[in-house]
Amino acid sequence: MELLKNKILSEGKVIGNTVLKVDNFLNHQLDIPLFNEMGKEFRRIFNRDRVTKILTIEASGIAIASIAAQYFNVPVVFAKKYAGRNMDSETYESEVYSFTKQQSYKVRVSKKYIDVSDKVLIIDDFLANGRALLGLSDIVRQAGAEVVGAGIVIEKAFQGGRKLVEEAGVRVESLAIIESMESGKVIFKD
C-alpha cells in the first residue's frame, strides 16, 4: 500500500536495526484518513472471507481494527492484557511475548464474544516475531471458531514472525512489508 509506505518513509523513525517508531500516525497519535484507507484495503483483501468478527489485542490494535470493522460491518473483540475485577470469569486465555516490551503476558477474551460459528479476522499494527498472532489464533481455536487470516499494518519480515504464523496455518496479509532497517533507513520488500 503506497500511501502507508510513503507515510512510513516520511514520518517513521528507525531506532537501531529492529524498532520502527510510527507513534505520530499509527499507535499514539492516529491519522484517521490513513486508517480509513487501510480499513478499505483490508476489506478488499479479505472480501471473499465471510468475516463475522475482528479480533485484536490491546492497545495499539484497537484503533485500526475499529476503523476496519466499519467496512466489514462486524464487531471488534480485543484481547485484554490485564484481568480487572469486571472481567468475566469464563475466558479464553493465551500467553504471548511482546517484542516491544520484551516480556510475556497472558491475554484474555470473554467466552461470550467468540463462538464456534465465528469466522475471525485478526488485525494488528505490527508483525515482528509472530507471538501475538499465535496467541490470538490460539484463542480463536479454543472457541472452536475459524481464523480466516491476519491483517497486518506493518510487517518486519526480517524478524521471522510470518513463517511461524503461516506454519500454524494462518494466512498473513500485510499492507507494508519491511525487509530491513539499516543506517536509519527502511527498505521495503518488493
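Under the definition of Cα pairs under 8 Å and six or more residues apart, what whole-number percent is the relative contact order of the stretch 37-190?
On the way: 322 pairs, mean separation 30.5, N = 154.
Here the relative contact order equals 20 percent.
Would you mind classifying the stretch 1-107 by shape? Square roots of the alpha carbon gyration tensor eigenvalues, ordered a ≥ b ≥ c; an a/c under 1.5 is rounded, otherwise it is prolate if a/b is larger than b/c and oblate if not.
Note, shape of the stretch 1-107 comes out oblate.
Ordered by residue, what ³J(HN,Hα) values in Hz, to whole numbers, does the stretch 11-18 give under the Karplus form 6.51 cos²θ - 1.76 cosθ + 1.60, where θ = phi - 60° and Gly and Pro are x?
10, x, 10, 8, 10, x, 10, 10
To the nearest 10 degrees, how steeply does helix 131-142 sit against the main Cα axis of the chain, on a 0 to 90 scale?
It is inclined by approximately 20 degrees.
Which of these, A65, A168, A143, has the largest mean-square fluctuation under a Gaussian network model of the chain (Cα springs below 10 Å)?
In this elastic network of the chain, the residue with the biggest mean-square fluctuation among A65, A168, A143 is A168.
What share of the DSSP beta bridges in the stretch 57-190 is antiparallel, in percent to the nearest 5?
45 percent
Using alpha carbon centroids, what distance separates the stretch 128-170 and the stretch 47-82, in Å?
Each part's Cα centre sits 14 Å from the other's.
When a/c is below 1.5 the answer is rounded, else prolate if a/b is larger than b/c, else oblate, so apply that to the chain with a ≥ b ≥ c taken from the square roots of the Cα gyration tensor eigenvalues.
Here the chain falls in the prolate category.
Would you mind ranking L30, L134 by Cβ crowding within 10 Å, fewest neighbours first?
On the way: L30 16, L134 20.
Exposure proxy ranking, most exposed first: L30, L134.
What ranking of I57, I122, I114 emerges when the number of other C-beta atoms within 10 Å of each C-beta is taken as an exposure proxy, fewest first? The partial results should precede the final answer.
Working: I57 25, I122 28, I114 21.
Listing I57, I122, I114 from fewest to most nearby Cβ atoms yields I114, I57, I122.
In deg cm²/dmol, rounded to 500, what helix-only [θ] at 222 nm does the chain give when every DSSP H run of at least 4 residues adds -39500 (n - 2.57) and the total is split over its residues? Walk me through the numbers before you get to the answer.
Details: 5 runs with 56 residues, N = 190.
That comes out to -9000 deg cm²/dmol.
I'd like the orientation of helix 60-72 relative to the chain: the angle between its Cα long axis and the longest Cα principal axis, in ° from 0 to 90, rounded to 10.
70 degrees
Would you mind ranking F42, F25 by Cβ crowding within 10 Å, fewest neighbours first?
Placing the least packed residue first, the sequence is F25, F42.
Bear in mind that the values in this text are calculations on the coordinates, not laboratory data. Remember, it's a predicted structure, so these values are computed and weren't measured experimentally. In this analysis, Cβ positions are derived from the backbone assuming ideal geometry, glycine residues included, and neighbour counts consider all displayed protein chains.
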